[in-house]
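Comments concern the structure below.
The values are calculated or read from the model by the stated rules, or taken from the named source; none is laboratory data. Please read these numbers as outputs of a predicted model, since none were measured by experiment. Backbone-built Cβ (ideal geometry, glycine too); neighbour counts: all protein chains shown.
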Amino acid sequence: MQAYLAEKYMSGPKADAILARAAPKKKKKRKAETSAKSMFVDEDAGWGEEKRDDEDDTAEAVVAKDRSFKKRRVAPAEEGSGWATLREGVREETPPVPADEQPTVVEEPSQPFVGGLLTGEQLRKALPKPKVKEEPLTREEEEAAQETVYRDASGRKIDTKAARAEAARLKREREEKEARKMEWGKGLVQKDEEEKRRLQLEKNRSLPFARTVDDKDLNEEQKAQERWNDPAAAFLTKKTAKGPRKPQYTGPPPAPNRFGIRPGYRWDGVDRGNGFEKKFFQRQNERKRTTAAGYEWSVDDM
């Protein structure tokens, strides 16, 4: 088969060597088998010999058949290759690749230099150039760069300084309103105590740091203190009413009532009752007068 391919499709020294190696061999004649050999048959060896004889017959027939063909001439340009050009191909022009479909070339970072001896100039060229140092930003520029921009729902920019000022003003007004409300809710006693505390603080500013035994205010304050085991408290201590005193009615004398209850200090002097108290006292006076008149009448004849 190799000789057939070399004869048909190959050329050159390699084909010549194959053809020379596959030269036709003379066919050995079969000897007539004797009657003794025909009686004994070696199955293993006999099968191999018959197969080899068949292959030799086929090879001899192919070579004999191929000898009738002439050797194909090969052009000088095609020498050394076993292929023949049947028809020149037509080269079609491909459309250019669009810009968005072009491959992206990623350049690997180049090393500053490869090992070996380098001069100072070569090293300066190979090493990357240092970046120019930028001038430091001022504090105002840094704050302006870091400041957060706030926007409302419509996308308009909000002035944060004006918003903070407005919030501070509203907070101050709310605190003043709460302070006035707390002041209105206080009673007269709380206001008096606060005023006394303020006067005492003003007075303490003018007092010396060290207070001696000759301090009149200190002595009066200590004398006014009440002690449960003080033997002179009965005749030396001035008793003063402590605590708040309820206001009393100071207008014209009111009409009496059976329980002796005085009217409140806010009473305007108008009797808004149903007259029961007045009738009650009249009835009592009439009974007393009748009793007195009867007694006088009973003792008149004596």
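Could you count how many residues in the range 172-187 are under 23 Å from Arg245 (Cβ atoms) and either at pLDDT 80 or above or charged (D, E, K, R) (or both)?
2
Hey, can you tell me all the residues within the range 82-119 that are at pLDDT below 70, more than 30 Å from Met10 (Cα to Cα) and not hydrophobic (A, V, I, L, M, F, W, C)?
Listed by number, the residues that qualify are Glu92, Glu107, Glu108, Pro109, Ser110, Gln111, Pro112, Gly115.
Being charged (D, E, K, R) and farther than 30 Å from Tyr249 by Cα is the filter; apply it to the range 265-302 and report the residue that is surrounded by the fewest Cβ atoms within 10 Å (Cβ to Cβ).
Step one: filter the range 265-302 for residues charged (D, E, K, R), giving 266, 268, 271-272, 277-279, 283, 286-289, 296, 300-301.
Now drop any that are not farther than 30 Å from Tyr249 by Cα, which leaves 286-289, 296, 300-301.
Details: Glu286: 10, Arg287: 10, Lys288: 10, Arg289: 10, Glu296: 9, Asp300: 7, Asp301: 5.
By that ranking, first place goes to Asp301.
Against the conditions (1) of a type in the set (Phe, Trp, Tyr); (2) at pLDDT 90 or above; (3) loosely packed, with under 10 Cβ neighbours inside 10 Å, where does Trp228 fall short? Just the number, please.
(2)
Suppose we keep only residues that are basic (Lys, Arg) and over 56 Å from the mean Cα position of the chain (by Cα) within the range 170-219. Which one would you say is surrounded by the fewest Cβ atoms within 10 Å (Cβ to Cβ)? Spell out the reasoning first.
Filtering the range 170-219 down to residues basic (Lys, Arg) leaves 171-172, 174, 177, 180-181, 186, 191, 196-198, 203, 205, 211, 216.
If we keep only those that are over 56 Å from the mean Cα position of the chain (by Cα) as well, we get 203, 211, 216.
Details: Lys203: 10, Arg211: 10, Lys216: 7.
Selected residue: Lys216.
May I ask you to say which residue of Ala126, Ala153, Ala162, Ala144 is of a type in the set (Gly, Ala, Ser), surrounded by 10 or more Cβ atoms within 10 Å (Cβ to Cβ) and free of Cβ contacts under 8 Å to residues at least 12 places away in the same chain?
Ala144
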